[in-house]
Amino acid sequence: MTKKNKKIIEENGITFGMISVIVMAMSIVLILTTIKIYLSNQIYHESKIVNKLKREVDELKAQSVTLEQNVEAIKYKNEVADTIFVINNKE
């Protein structure tokens, strides 16, 4: 046979190489998707914890302001009451 008489055989259909490439591509996509879902869930749970702590901090700041106002009111009351008591004792 001469080279001119040889016919090049063309493969029709799906080959093992095509299947292996498709399986590898799907595996990579599946792995990347799983990683993304895992990271998204972790970020969500961490943000819930951060939001809870932020609410607690805001609540404690509000309580601090209220307590400071109460302390100032008690200090003022004691200073005024002490002054009136001292004045009444002198008379």
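The values are calculated or read from the model by the stated rules, or taken from the named source; none is laboratory data. Remember, it's a predicted structure, so these values are computed and weren't measured experimentally. No Cβ is skipped: glycine too gets one built from the backbone with ideal geometry, and neighbour counts run over all protein chains shown.
Please determine whether any residue of the stretch 66-87 is part of a helix (DSSP H, G or I), basic (Lys, Arg) and at pLDDT 95 or above. Show your work before the answer.
At the first step, the residues of the stretch 66-87 found to be part of a helix (DSSP H, G or I) are 66-87.
Cutting the leftovers down to basic (Lys, Arg) gives us 75, 77.
Restricting the remaining residues to those that are at pLDDT 95 or above gives none.
So far as the stretch 66-87 goes, no, none of its residues is part of a helix (DSSP H, G or I), basic (Lys, Arg) and at pLDDT 95 or above.
If I go through the stretch 7-22 residue by residue, how many of them are outside any loop (DSSP other than H, G, I, E, B), among the hydrophobic types (A, V, I, L, M, F, W, C) and surrounded by fewer than 10 Cβ atoms within 10 Å (Cβ to Cβ)?
Of the residues in the stretch 7-22, the ones outside any loop (DSSP other than H, G, I, E, B) are 16-22.
Subsequent filtering for residues that are among the hydrophobic types (A, V, I, L, M, F, W, C) retains 16, 18-19, 21-22.
Checking the rest, the ones that are also surrounded by fewer than 10 Cβ atoms within 10 Å (Cβ to Cβ) come to 16.
Count: 1.
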